[in-house]
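Visitor: Handing you this structure, nothing more for now.
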Amino acid sequence: MKAVRIHEFGGPEVLKYEDVPDPELRKDHVLVRVRACALNHLDLWVRKGLPGVKLPHILGSDISGEVVEAGEYITDVKPGTRVLLSPMLFCNHCEQCMNAQQNFCPQFAVLGNNADGGNCELITVPRANVIPIPESMNFVDAASVPLVFLTAWHMLIGKAALKPSDTVLVLGAGSGVGSAAIQICKMIGAQVITTAGDERKLQRARELGADHTIDHYKQNISDEVKRITNRRGVDIVFEHVGVATWPESIKSLKYGGTLVTCGATTGYDARLDLRVLFARQLTMFGTYMGSQGELLEVLKHVFSGKLKPVVDRTFPLAKTRAAHEYLADGEQFGKVVITT
Ligand SMILES: [Zn+2]
């Protein structure tokens, strides 16, 4: 099959479009013909080098496609079924897995990170990863959903206990998690303040339901938040940007507010004044993905049309390098998707 692999860590130039052997189907796995694979910032981090990545390596966490064949032990998946793949691998027998915390499983892995991913034509995954999609949903939309909607759902619902009365500051409306978070907040009935770097993105954010928008290049985030909330601050800050926004995120929280974060796109070495943490009685959550049950839960809302995948543009598999460069430039609103 064709695949894009890395043989060394580095810039976009290390992505090689090449022929590789087809994966072998295990009796307890499903073979899927990949049709679309969405990029995440995780792809850029893995390409630059993360511990636990074995080379050569196939990137790509968010995958949709058609079932080619089910292994001998699997009786409930038919060839031709249109599916998306849960991006998580887990053992399904440890205490954490049995307690619906697959993202704490000692064998937890993410497709495209510490297992081969979907920048290729064929992939095999366990039965639990194979989730049928509705007829009305195309492969590009389907691939745009799993990682960002699961992450945003776990952050807001699983950790921050989002309520209709809450006001939420969502950083980075143009990102995949940002556009997912805005929609989840509005579905619950919360107020959303969001940020982006130009008017085109702010307009898209308002179309997704954001109540207030802040241009983070022209306006001071916490000053605007204070103005919008009558100096109270927000109940929840939805962080993933990192160093560039962290001080403003902390300043934007109300007394007793909650910050939840899943990333550090602009850098991880942020500062925290402990006096602010205890005196303002803040709560902070770090999250990584979510549970398999949470994925199935948020997908119900996606499949019913209440939550919508946001796709910026697509690139063919052979142009994966250009897709990485485009994502790194940060001009997108929503997901960048590779088609095969
Ligand atoms: Zn486990």
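Visitor: Residues in region 127-152 that are touching a Leu at 6+ places or on another chain (Cβ under 7 Å) and under 22 Å from LEU31 (Cβ atoms): how many?
Guide: Restricting attention to region 127-152, the residues satisfying the condition of being touching a Leu at 6+ places or on another chain (Cβ under 7 Å) are 129-131, 133, 142-143, 145-146, 149-150.
This time we only want the ones that are under 22 Å from LEU31 (Cβ atoms), so: 129-131, 133, 142-143, 145-146.
Summing the residues that are touching a Leu at 6+ places or on another chain (Cβ under 7 Å) and under 22 Å from LEU31 (Cβ atoms) in region 127-152 gives 8.
Visitor: In region 84-117, how many are of a type in the set (S, T, N, Q) and under 28 Å from GLU135 (Cα atoms)? Step through it out loud before you land on a result.
Guide: Initial filter on region 84-117 (of a type in the set (S, T, N, Q)): 86, 92, 96, 99, 101-103, 107, 113-114.
Filter once more, keeping what is under 28 Å from GLU135 (Cα atoms): 86.
Qualifying residue count, region 84-117: 1.
Visitor: Looking at (1) in contact (Cβ under 8 Å) with a residue 60 or more places away in the chain; (2) in contact with a His (Cβ under 8 Å, 6 or more places away or on another chain), which is the one condition that is false for TYR288?
Guide: (2)
Visitor: Looking for whichever is within 16 Å of the ligand (Cβ to nearest atom) and either in contact (Cβ under 8 Å) with a residue 60 or more places away in the chain or touching a Ser or Thr at 6+ places or on another chain (Cβ under 6 Å) (or both) here; the options are PHE90, PHE104. Which one fits?
Guide: Values: PHE104 fails: either in contact (Cβ under 8 Å) with a residue 60 or more places away in the chain or touching a Ser or Thr at 6+ places or on another chain (Cβ under 6 Å) (or both).
Answer to the selection: PHE90.
Visitor: Within region 233-247, restricting attention to residues that are in contact (Cβ under 8 Å) with a residue 24 or more places away in the chain and open to solvent by 30 Å² or more (accessible area, probe 1.4 Å), which residue is farthest from the chain's Cα centre (by Cα)?
Guide: We begin by selecting, within region 233-247, every residue in contact (Cβ under 8 Å) with a residue 24 or more places away in the chain; these are 233-243, 245-247.
So of that shortlist, the ones also open to solvent by 30 Å² or more (accessible area, probe 1.4 Å) come out as 243, 246-247.
Working: VAL243: 19, TRP246: 20, PRO247: 23 Å.
Per the criteria, the residue is PRO247.
Residues checked against (1) open to solvent by less than 40 Å² (accessible area, probe 1.4 Å); (2) farther than 15 Å from HIS240 by Cβ; (3) touching a residue at least 40 places away in the same chain (Cβ under 8 Å):
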| site | (1), (2), (3) |
| --- | --- |
| VAL168 | yes, no, yes |
| GLY172 | yes, no, yes |
| GLN183 | yes, yes, yes |
| ILE188 | no, yes, no |
| ARG200 | no, yes, yes |
| GLU207 | no, yes, no |
| THR213 | yes, yes, yes |
| LYS218 | no, yes, no |
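Visitor: Pairs please, first residue from region 302-324 and within 17 Å of PHE139 (Cβ to Cβ), second anywhere and open to solvent by 60 Å² or more (accessible area, probe 1.4 Å) and among the acidic types (Asp, Glu), Cβ atoms under 9 Å, 6+ apart in sequence or on different chains.
Guide: Pairs found: ASP312/GLU331.
Let's see how each residue does on (1) at pLDDT below 95; (2) open to solvent by less than 10 Å² (accessible area, probe 1.4 Å); (3) aliphatic (A, V, I, L, M):
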residue	(1), (2), (3)
GLY49	no, no, no
VAL53	no, no, yes
HIS57	no, yes, no
GLU69	no, no, no
LEU89	no, no, yes
CYS97	no, yes, no
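Visitor: Separate question: Among GLU121, GLU95, which is within 16 Å of the ligand (Cβ to nearest atom) and charged (D, E, K, R)? Step through it out loud before you land on a result.
Guide: Working: GLU121 fails: within 16 Å of the ligand (Cβ to nearest atom).
Answer to the selection: GLU95.
Visitor: Specify the residue that is nearest to LEU122 (Cα to Cα); the eligible residues are those in region 7-27 that are of a type in the set (Asp, Glu) and open to solvent by 60 Å² or more (accessible area, probe 1.4 Å). Lay out the reasoning, then the answer.
Guide: First, the residues of region 7-27 that are of a type in the set (Asp, Glu): 8, 13, 18-19, 22, 24.
Applying the additional criterion that residues be open to solvent by 60 Å² or more (accessible area, probe 1.4 Å) yields 8, 13, 19, 22, 24.
Details: GLU8: 22, GLU13: 23, ASP19: 12, ASP22: 7, GLU24: 10 Å.
Ranking the qualifying residues of region 7-27, first place goes to ASP22.
The values are calculated or read from the model by the stated rules, or taken from the named source; none is laboratory data. From a predicted model like this one, the values you see are computed outputs, not experimental measurements. Cβ: placed from backbone, ideal geometry, glycine included. Neighbour counts: every protein chain shown. Calculation scope for accessible area: heavy atoms of the full protein, side chains included, ligands and nucleic acids excluded. Shrake-Rupley method; radii C 1.70, N 1.55, O 1.52, S 1.80 Å.
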